[in-house]
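Some notes on the structure that comes next.
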Amino acid sequence: MSDIIHLLPDSVANQIAAGEVIQRPASVLKELVENAIDAGASHIQILIKDAGRTLIQVVDNGKGMSETDARMAFERHATSKIKNADDLFSIRTMGFRGEALASIAAVAQVELRTRRAEDELGVLVEIAGTRVFQQEMIQCDAGTSFVVKNLFFNVPARRRFLKSDNVEKSHILAEFYRIALVNTEVAFSLFDGDEEVFQLQASNIKMRIENIFGKNAKKRWQQQLLTIETSTGLVNISGYVGKPEYAQKSAVQYFFVNGRYMRHPYFHKAVLLAYNQMIQATESPNYFIYFEVDPQTIDINIHPTKTEIKFENEQAIWSILSASVKESLGKFNIVPSIDFDQEGSIDLPTGMSVENVRPPQTNFNPNYNPFGSTTYKRPVLDWENLYGDFEKKEKNIESAPDCQPDLDSLINGSKNASEQQQVIETIESRAENFQFKNRFILTSIKSGMLMIDQHRAHIRILFDLFISQMENRKALSQQVLFPELLELSTDDALIFEQLLPDLYHVGFDFETIGNHSYHVKGVPDQLGTASVIDLLLTMLDKARTTAEDLKEGMHTTIALSVAEASALKSGQRLSNEEMSDLIDRLFACANHNVTPDGKKIMTIFTHEEIEKRF
Ligand code: ADP
Ligand code: MG
């Protein structure tokens with residue numbers, strides 16, 4: 001048999017390598033803009049079309065390339081930035097692997113126009129799928145322009161893998177922020193088709209932060225940012241941290257080292273520690289922190305698209321960082337004043353104190369006689385207020401001849417035989433309910449004692465309700481008197497727009513007032529006193545982390561978030577009737593044993609178990 005191993009053609013090898021480096025339009029943008037920065041540009045213009053699918057153009061006024069370099073630039077492992085292995089340990093440029101342009105050219109159609117200031121003529125190179133189609137001398141501005149068209153034109157699987165335009169755009173913006181926030185002496189413009197998204201002048205860091213994130217809320221950034229500044233032999237730390245009262249669920253947090261964005265969960269903890277006791281556990285401070293270290297003491301060579309960076313002196317820098325943030329917070333007289341240690345206490349949404357938890361309202365029936373059980377009629381509850389509008393059939397309990405609930409509807413609601421058995425058993429012998437610790441409902445059933453977590457039970461009930469509202473496209477909304485203002489960053493707004501249809505179906509209503517701001521005009525009927533803005537930001541947070549399946553996956557996230565915020569709380573006292581009704585509603589849910597996120601709603605203590613104890 002003949003030998004079977006051969007070298008892959010360049011086009012294939014580059015395409016494989018591209019799989020690592022170029023995952024989506026945002027990766028192309030990142031690589032091109034980083035190259036422009038490395039070329040010393042002071043002005044970088046970016047244009048995208050169709051979220052970068054059909055066009056990404058980056059024009060810089062940097063040093064340009066010679067004719068030969070323009071051609072060489074597309075070779076794999078071709079770079080002007082390092083020469084030998086030693087250089088790997090003193091990297092000051094953004095790029096150094098020499099892979100990006102080769103990768104982009106393997107999976108897109110690329111036009112490069114470039115001229116060095118000292119040359120009279122520039123050069124045009126056209127290349128697609130690693131094949132050079134054209135190379136000629138042209139007249140052009142000094143600097144470099146890359147046009148990348150039809151990304152993944154030759155890799156349909158990759159193309160299909162791309163997400164909706166809004167999600168791809170939010171990735172693009174995320175990359176853009178990471179570069180623009182650290183290269184503040186560079187002017188940037190970003191156009192999405194004809195629309196100007198950003199026009200950023202060269203400035204200092206604080207102004208850049210405001211220009212990027214503060215469009216609608218300039219004052220806020222002015223007020224909230226505290227300077228941090230520390231110089232030691234190991235590290236120089238500078239930048240800004242947000243005042244504790246501006247901490248939010250979806251905080252804006254950036255670390256940079258030697259001019260490069262990085263993620264560093266360990267250092268993140270150091271920052272949080274400095275805020276200990278000043279902010280709630282569910283919130284996080286805004287920060288923009290810049291580290292300068294000797295390049296020899298970090299390893300940025302982990303992976304082309306990874307942003308984690310290893311530090312040689314991690315422990316020491318951790319302490320310096322935490323102390324430095326603490327010092328800034330201290331300087332501005334911010335003393336911990338609130339104790340948020342809620343260990344063992346009840347579960348309240350932010351901004352809510354025990355006093356203003358209002359009990360569910362009932363329309364009390366004055367004729368109600370708890371002892372006349374044969375003629376007993378269930379008092380009429382204010383259903384809308386408590387649980388929202390249910391189907392008429394289920395709502396008719398008040399007209400039932402006696403305390404027997406509508407068994408049929410309950411049984412039809414449950415799935416298998418054993419569940420049905422359990423329902424019947426529960427209903428048949430239920431008499432009196434008892435509330436334990438204002439948290440659990442205890443009720444007697446044939447086989448023993450049933451214990452139900454009231455908060456979780458209500459979550460299940462509301463969740464099922466919201467899902468059915470989304471499916472039936474009907475919502476029960478309650479208009480608010482003083483609409484709150486929701487201000488979002490550009491990228492958050494993109495994700496938010498995707499959530500809008502589902503948010504309408506659970507009962508939210510918004511008025512768009514431009515500049516990524518919205519008035520919250522209506523809220524779900526059952527929302528209670530939960531903070532609307534907090535709730536929306538939490539959902540955005542969740543949506544961002546599940547951005548991969550935003551299109552399908554958000555129904556449940558939204559329904560669950562709103563259900564959790566609206567459900568009866570632990571600590572809320574219930575009347576016997578309210579307990580009965582909660583139980584009825586719960587058993588009308590097909591899956592009444594667990595919450596949508598898998599937490600146990602109820603448990604049974606059997607007679608045998610109880611007997612054994614005596
Ligand atoms: P790397 O950035 O890792 O060196 P790239 O594939 O991104 O690898 O780029 C290859 C080379 O092309 C760079 O080293 C640089 O010399 C040149 N180059 C790329 N973009 C530009 C630009 N905008 N201006 C000047 N030179 C550039
Ligand atoms: Mg590069």
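Of the helices (runs of 4 or more DSSP H) lying entirely inside the stretch 1-80, those carrying at least 1 residues that are of a type in the set (D, E, K, R) and in contact with a strand residue (DSSP E or B) (Cβ under 6 Å, 6 or more places away or on another chain) are 67-72. Taking the criterion of being in contact (Cβ under 8 Å) with a residue 24 or more places away in the chain and over 7 Å from N286 (Cβ atoms), the residues of the stretch 241-255 that qualify are V241, K243, P244, A247, Q248, K249, S250, Y254, F255. Any idea which of N183, N166 is part of a loop (DSSP other than H, G, I, E, B), in contact with a helix residue (DSSP H, G or I) (Cβ under 7 Å, 6 or more places away or on another chain) and not hydroxyl-bearing (S, T, Y)? Only one candidate passes the filter, namely N183. Just to verify a result, which residue in the stretch 95-110, among those that are more than 12 Å from ligand 2 (Cβ to nearest atom) and of a type in the set (G, A, S), is surrounded by the fewest Cβ atoms within 10 Å (Cβ to Cβ)? It comes out as A108. Filtered by the rule that a residue be within 16 Å of ligand 2 (Cβ to nearest atom) and open to solvent by 20 Å² or more (accessible area, probe 1.4 Å), the stretch 142-181 gives E175, R178. The residues on offer are R92, R113, and the sole one that is crowded, with 17+ Cβ neighbours inside 10 Å and within 14 Å of ligand 1 (Cβ to nearest atom) is R113.
No other residue among R113, R71 is basic (K, R) and in contact with an Asp or Glu (Cβ under 9 Å, 6 or more places away or on another chain) apart from R113.
Residues of the stretch 129-146 that are in a strand (DSSP E or B), under 15 Å from V59 (Cβ atoms) and more than 12 Å from ligand 1 (Cβ to nearest atom): I138 alone.
Return the residue satisfying two criteria in turn: it lies in the stretch 16-58 and is at pLDDT below 95 and among the β-branched types (V, I, T), and of such residues it is nearest to ligand 1 (Cβ to nearest atom). This residue is V21.
When I237, I309 are checked against the criterion of being in contact with a strand residue (DSSP E or B) (Cβ under 7 Å, 6 or more places away or on another chain) and within 25 Å of S27 (Cα to Cα), a single residue qualifies: I309. Among the residues here, F191 qualifies as aromatic (F, W, Y), closer than 30 Å to N515 by Cβ and away from ligand 1 (no atom under 16 Å from the Cβ).
Consider the stretch 428-487 and keep the residues that are basic (K, R) and open to solvent by 80 Å² or more (accessible area, probe 1.4 Å). The one that is farthest from the chain's Cα centre (by Cα) is K446.
Please find, among M72, M65, the residue that is of a type outside the set (S, T, Y), surrounded by 19 or more Cβ atoms within 10 Å (Cβ to Cβ) and over 38 Å from the mean Cα position of the chain (by Cα).
M65
Look at (1) surrounded by 16 or more Cβ atoms within 10 Å (Cβ to Cβ); (2) within 26 Å of the chain's Cα centre (by Cα) and you find that I320 fails only one, number (2). Being part of a loop (DSSP other than H, G, I, E, B), open to solvent by 10 Å² or more (accessible area, probe 1.4 Å) and more than 10 Å from ligand 1 (Cβ to nearest atom) holds for only one residue in E118, E126, and it is E118.
The values are calculated or read from the model by the stated rules, or taken from the named source; none is laboratory data. Since the structure is predicted, the reported quantities are computational estimates derived from the model, not experimental observations. Reconstructed Cβ throughout: ideal geometry from the backbone, glycine too, with neighbour counts over all protein chains shown. Note: areas computed on protein heavy atoms with side chains; ligands, DNA, RNA excluded. Shrake-Rupley method; radii C 1.70, N 1.55, O 1.52, S 1.80 Å.
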